[in-house]
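Participant: I'd like to ask you about the structure that follows.
FYI, it's all coordinate maths here, none of it is from the lab. If you're wondering where the values come from, they're calculated on a predicted model, not measured in any experiment. Ideal geometry is used to build each Cβ from the backbone, glycine not excepted, and the neighbour counts take in all protein chains shown.
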Amino acid sequence: MKFIRHQIFYFPEARFRFESLCELRCDTSIDSSYFYGLAQICQYIQRLIIININPNDYHGIAELIGAQKNLKYFEWRDDDDLYVPGPEILLALEKNANSINHLVLYFMHIDHTLPKVLPKLHKLKTLITNFSNFNEEQLKKCVYRDLEILKIEHYNLEAASIIIENSGGHLKKILLEPFEFEDNVDSFVEDSLVFIRNVRKNCPSIECLSLAFSPSEEHYAEIEELLKVCQNLKLLLLVIFDHTYEESFYDEKVLEYGEILLKILISSKPTNIKEIRFYGDFKFSLEVLEEFLRKWEGCAISILISSYISSHNNIYEEEDYKKLIDNYKNNGIIKDFRSESYMDVMNVEFKV
């Protein structure tokens, strides 16, 4: 719904026709008065998606949100950082705390209201938002015992770890958006270690998982233990970041990292995994890749790769690699093997 010429409640039988409306997608360019009109009639919307673009004001749309009596899914997307919604949107959402299960918030700016409102939405099963302005105390108040899907922007691993630790053990999908690692190197090493441990301890049912980590022995050991415990995994994204970059040893190191990763996958025997994605500081030699495929005992597997090296020189398009990959495709070991862009590999919604 992008344009309304007349108030809906002026139409004959409007209440009869619209009071059972269960899904609405709209944007904030609509005059606020029309949202007041909708709020009088449409009070049983279960799925509400709002795109924040060229708004007049937010009071009418806040009225519509607050008027709902059975709102299950709410999604808000800021289209431009020029448009910053006021606190009335979140305060209206708070009125739906006992019904809302799925929350998707793509705010470009986070104000002080979100840390106050979010802990009150205690029935969430899906949570996709940015915790960049939350302190540790505020994060610990965010307890969601029914949470199944968690996606946090900017690899805020500390926030993700706290949310996971306070979840009820039902998480099936944990996704982390990309960011520039260099901005947060000091905390990344320790935060990523804690994150992996918390997933292992608290997510026995996890099916789709993004892991970002440093190539240390401690990280490798934790990942191996996680894979042995979390046997329901179907899709795994591994992002390896070497903050100790040394150009003279880089080629040697990335080959070592690639070999270790593949050995971990073999030794942990994650038999339900159907898709593995790799990104970052790694490279698979022909010999190591062949050994991995020869020993793989799980489902026919799809592999997506985007490394710093392959983005400049895609070795997997060389004849020897193509021959190896085709051979294991014919044997039913590989379903698909592709080098893709960084964004496609990181975006698990991008289907193979």
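Participant: Could you work out how much longer the chain between Tyr245 and Lys269 gets when fully extended? Use 0.36 nm per residue separation minus the Cα distance between them, nm to one decimal. Show your work: numbers first, answer last.
Facilitator: Details: separation 24, 0.36 × 24 = 8.64 nm, distance 3.06 nm.
Gain on extension, Tyr245 to Lys269, equals 5.6 nm.
Participant: Hey, another quick one. Computed from the mean reciprocal separation of all distinct C-alpha pairs, what Kirkwood hydrodynamic radius does the chain have, in Å?
Facilitator: 22.3 Å
Participant: Please enumerate, by chain and number, the lysines with C-alpha under 17 Å from the C-alpha of Lys172, excluding those fewer than 8 residues away in the same chain.
Facilitator: List returned: Lys123, Lys125, Lys151, Lys201, Lys228, Lys234, Lys274.
Participant: For a quick check: with amide H placed at 1.01 Å from N, whose amide H comes under 5 Å from Phe131's, ignoring anything fewer than 5 positions away on the same chain?
Facilitator: Glu153
Participant: Quick one: dipole size for the chain, taken about the Cα centre, charges +1 on Lys/Arg Cβ and -1 on Asp/Glu Cβ, in debye to the nearest 20.
Facilitator: Values: 39 positive and 57 negative charges, 492 e Å.
For the chain, the charge dipole is close to 2360 debye.
Participant: Which one, Ser268, Ser187, Ser306, has the greatest fluctuation when you compute a Gaussian network model over the chain with C-alpha springs under 10 angstrom?
Facilitator: Ser187
Participant: Now, a different point. Can you work out ³J(HN,Hα) from phi for every residue in the range 15-22, in order, using Karplus 6.51 cos²θ - 1.76 cosθ + 1.60 and θ = phi - 60°, giving whole Hz and x for Gly and Pro?
Facilitator: Listing the rounded values in order: 5, 4, 7, 10, 5, 9, 4, 10 Hz.
Participant: Sticking with this structure for a sec: So what's the net charge close to Ile206: Lys and Arg +1, Asp and Glu -1, counting the other residues with Cβ under 12 Å from its Cβ? Don't skip to the answer; put the middle values down first.
Facilitator: Numbers: positive: Lys172, Lys173, Arg200, Lys201, Lys234; negative: Glu148, Glu207.
So the surrounding residues net to +3.
Participant: Which far-off residues, 5 or more places away or on another chain, put their amide H under 5 Å from the one on Ser302, with H placed in the peptide plane?
Facilitator: Long-range HN contacts for Ser302: Glu275, Ile276, Lys335, Asp336.
Participant: I need the Debye-formula profile for the range 45-117: one equal scatterer per C-alpha, no solvent, reported as log10 I(q)/I(0) at q = 0.14, 0.15, 0.25 1/Å, two decimals.
Facilitator: Log-scaled intensity ratios, in q order: -0.38, -0.44, -1.30.
Participant: Can you give me the distance in nm between label points at Glu165 and Arg145, each placed 7 Å from the Cα along the Cα-to-Cβ direction?
Facilitator: A separation of 2.0 nm, rounded to one decimal place.
Participant: What are the ³J(HN,Hα) couplings of the range 316-331, residue after residue, when phi is run through the Karplus curve with 6.51, -1.76, 1.60 and θ = phi - 60°? Round to Hz, x for glycine and proline.
Facilitator: For the range 316-331, the Karplus-derived couplings read 6, 9, 5, 4, 5, 5, 4, 5, 4, 5, 4, 4, 7, 5, 5, 7 Hz, x marking Gly and Pro.
Participant: Still on this structure, I have one more. Would you mind calculating the gained length between Asn314 and Glu224 on full extension (0.36 nm times residue separation, minus the Cα-Cα distance), in nm to one decimal?
Facilitator: Numbers: separation 90, 0.36 × 90 = 32.40 nm, distance 2.79 nm.
Value of the extension gain: 29.6 nm.
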